[in-house]
Amino acid sequence: MTSPLGGPKMTATAPESIANTYAGIDDLKARMVIAGTTNDSVLWATLNAASRAVDRHCNRHFYALEATRLFDIEDGASVSIPDLASVTEVLEDCDGDRVFETARTVSNYALYPLNASPGSASGRPYSQIRSDLGLGVESFAVGRSRLSIEGRWGYRFHIADSASVISSGGGISASVTVVPVDAVTEIQAGMTIVIDSEQMFVRTVTGINVTVKRGVNGTTTATHADATAISFVVFPAEVTEATALLATGRARTQRVPVLPVLPDSGR
């Protein structure tokens with residue numbers, strides 16, 4: 001990896017408070033022709049602010065948050081839900097005692113729109129869960145706080161192979177924050193990587209050591225074996241571009257100095 005001047009990339013570690021940036025700091029610095037780490041604290045804050053501004057503008061978030069959410073049921077056949085990428089478990093409180101004692105299997109509900117495919121590169125989220133499937137399937141129990149859905153909430157959860165694996169000689173524990181890898185091909189600071197089912201935010205990359213914030217977006221920190229493959233979250237291209245453009249504009253209003261673009265000497 002090289003900087004805008006052709007030397008090795010240098011990036012300061014992201015603050016612990018930052019995660020889920022939709023564009024990488026190295027890409028932002030390349031756009032702005034910035035080298036060194038002098039302005040990195042401003043750039044990290046700007047990237048974070050731009051990412052959250054995109055969320056607010058779109059009235060949704062594009063990272064995948066693992067959480068359980070509760071829903072009031074007014075229509076036993078259909079329930080509107082926020083952006084949902086995948087379901088882990090659906091539970092019901094059928095008798096109104098505030099205990100979710102009844103599990104609803106995948107054959108007893110359907111997610112809409114059909115063919116949304118939020119795990120694919122061009123997928124979209126589910127926005128509705130339905131029980132009106134016929135064949136004796138019972139409707140959702142009507143009432144306050146009757147449905148519990150555990151899953152990944154967000155517009156999409158599409159991941160790609162980073163071509164890197166853990167290379168520590170013995171795996172990593174649940175508390176390690178520096179992940180040694182065999183090679184750095186795709187991984188950059190500002191990415192969200194996925195190892196097994198744990199999401200981690202990449203704070204900086206130094207050689208073949210990746211410094212991360214563990215267990216982000218509601219995932220659980222865990223041990224991971226040596227040679228475990230590392231994936232990374234791919235956000236929609238339009239979201240990444242909008243974030244980068246917004247961050248570039250904000251950084252320039254803060255008078256972050258850029259390097260002059262010199263004409264080619266022809267040598």
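The values are calculated or read from the model by the stated rules, or taken from the named source; none is laboratory data. Keep in mind the model is a prediction, meaning the values are calculated, not measured. Here the Cβ positions follow ideal geometry from the backbone for every residue, glycine too, while neighbour counts run over all protein chains shown.
Of the residues making up the range 44-82, those that are crowded, with 20+ Cβ neighbours inside 10 Å and either modelled with pLDDT under 95 or not hydrophobic (A, V, I, L, M, F, W, C) (or both) are Thr46, Asn48, Ser51, His61, Tyr63, Glu66.
Comparison of Ala50, Ala103 shows that the only residue that is outside the structural domain of Thr185 (by TED's automatic domain parsing) and within 30 Å of Val205 (Cβ to Cβ) is Ala50. Residue selection: Val165 fails the criterion of being within 30 Å of Val234 (Cβ to Cβ), free of Cβ contacts under 8 Å to residues at least 40 places away in the same chain and surrounded by 13 or more Cβ atoms within 10 Å (Cβ to Cβ).
Please report, ordered by residue number, the strands (runs of 3 or more DSSP E) entirely within the range 125-168 with at least 1 residues that are within 31 Å of the chain's Cα centre (by Cα) and basic (Lys, Arg).
126-130, 143-153
Thr220: outside the structural domain of Gly119 (by TED's automatic domain parsing) and surrounded by 15 or more Cβ atoms within 10 Å (Cβ to Cβ), yes or no? So Thr220 fails the test. When Gly154, Gly136 are checked against the criterion of being on the phi > 0 side of the Ramachandran plot, of a type in the set (Gly, Ala, Ser) and crowded, with 22+ Cβ neighbours inside 10 Å, Gly154 stands alone in meeting it.
Could we say that Ala183 is outside the structural domain of Leu28 (by TED's automatic domain parsing), in a strand (DSSP E or B) and aliphatic (A, V, I, L, M) here? Spelling it out, it is not the case that Ala183 is outside the structural domain of Leu28 (by TED's automatic domain parsing), in a strand (DSSP E or B) and aliphatic (A, V, I, L, M).
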